[in-house]
Amino acid sequence: MRIPGVISFLIASLCLAGCTSTAGMDALDLQKPSSETTSSVVRPPASIATAPTTKRAPRGAGRMAPRTVDLAPVAESARPFSLAEEETVMLGDQPAPEAEPQLEPAALVSPSKLLNRNAPPMFAGSIMRYGFRDAKPINFGKASPRHLAVHGVDVSRWQGNVNWGKLRAQGANFAYIKATDGGDHLDPMFMKNWRDADAAGLKRGAYHFFYWCRTAGEQADWFIRNVPRMPGALPPVIDVEWNGESSCKRRPSREKVVEKMQVFMDKLERHYGQRPIIYTSPDFYRDNLRGEFLDYPFWLRAVAQHPSKVYPGRKWLFWQYSGSGLSHGVTGRIDLNVFHGDERQWRAWAGGQQMVASE
């Protein structure tokens, strides 16, 4: 009787060890890069067109505030600039020289959506003129973002309780609002900001900070779970950066970065019926995105030089030109952005952002 008892005990011990080992492997698998493959989403045959370009003027710069990527409460303003941006081109409070501005090429709007002079305004509201101040002003000269018509902001929990009415009166025509990080973090101010920005008359969109230690599919599902699909909302944004403040220290290969981004963006495009916008910073772009995603709109952070200098050859839809903006509607500093086009192009583009697809 003792021998069968010993054998039974050994068998039970081996089974228990096997279960423990499997659980450990599953935990490790959560840290592996995504093995997902993207489903096909129809894309334009060529890069997004711009209107004919007039003579280009010298240009200046912009920046996107750092983000928390996990549950650790790290203030966005804590992240240092990349060396590529911290060039000695800042001219402090010196005023920009008075000169006839050279207009930029039209924004990333397909020719079919450009309005002719006789076309009525579309669904975007009235344009509020630039009225922001800047704690660290940059002299952009002829390339100053002030020469562009449509300015906006991006916000997260770190801006606290935003007075959206005052922010709009100060010159904010659109707002991108932090929604999610990774696969399990929701910005606690998202829904309040989402409702209040709309009530104040701003065009609004949501952005997701991509976390390199979670699968792309999990992150897309989390964003979709938390961000309403609403007609008239701006396209969703995927924010891709290297963040030294994050608990995730992984820096995947360029090929893996592109794969994971494509999985995430395809899933959002199928759900919202809009092509996502890619927000990025100079170092991440240099490492991963040169020559990639030519048929996607880009939102570029560039705070010490114009995007044409920091991202040569890259067309852009939004430029984040300051992370030190000041407004009566916000306590502290706020990111300032500008749309790459004039008022009519803004109305055409923003008015055409209707969510048409369903899962």
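The values are calculated or read from the model by the stated rules, or taken from the named source; none is laboratory data. The model shown is predicted, which means the values in this text are computed figures rather than measured ones. We place every Cβ from the backbone using ideal geometry, glycine too, and count neighbours over all the protein chains shown. Accessible surface is based on the protein model in full, side chains and every heavy atom, while ligands, DNA and RNA are left aside. Shrake-Rupley method; radii C 1.70, N 1.55, O 1.52, S 1.80 Å.
Tabulated data
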quantity: Cα-based radius of gyration of the stretch 167-236 once divided by 2.2 N^0.38 Å, which approximates compact folds; calculated: 1.15
quantity: Relative packing of peptides 187-195, 344-352 - highest average C-beta neighbours within 10 Å first; calculated: 344-352, 187-195
quantity: Where labels lie 7 Å past Cα in the beta-carbon direction, separation of Arg250 and Leu326 in nm; calculated: 4.3 nm
quantity: Cα extents of the stretch 141-184 along the three principal axes, largest first (Å); calculated: 43, 24, 14
quantity: Flagged links, alpha-carbon separation over 21 Å, of Lys178/Lys267; Lys267/Lys309; Lys178/Lys203; Lys192/Lys315; Lys166/Lys203; calculated: Lys267/Lys309; Lys192/Lys315
quantity: Probe 1.4 Å, all protein chains present, accessible-area order of Ile127, Ile334, largest first; calculated: Ile127, Ile334
quantity: Shape category assigned to the stretch 297-359 from the gyration tensor of Cα positions, a/c cut at 1.5; calculated: oblate
quantity: Average accessible area per residue (Å²) across the stretch 270-359 - probe 1.4 Å, nucleic acids and ligands excluded; calculated: 31 Å²
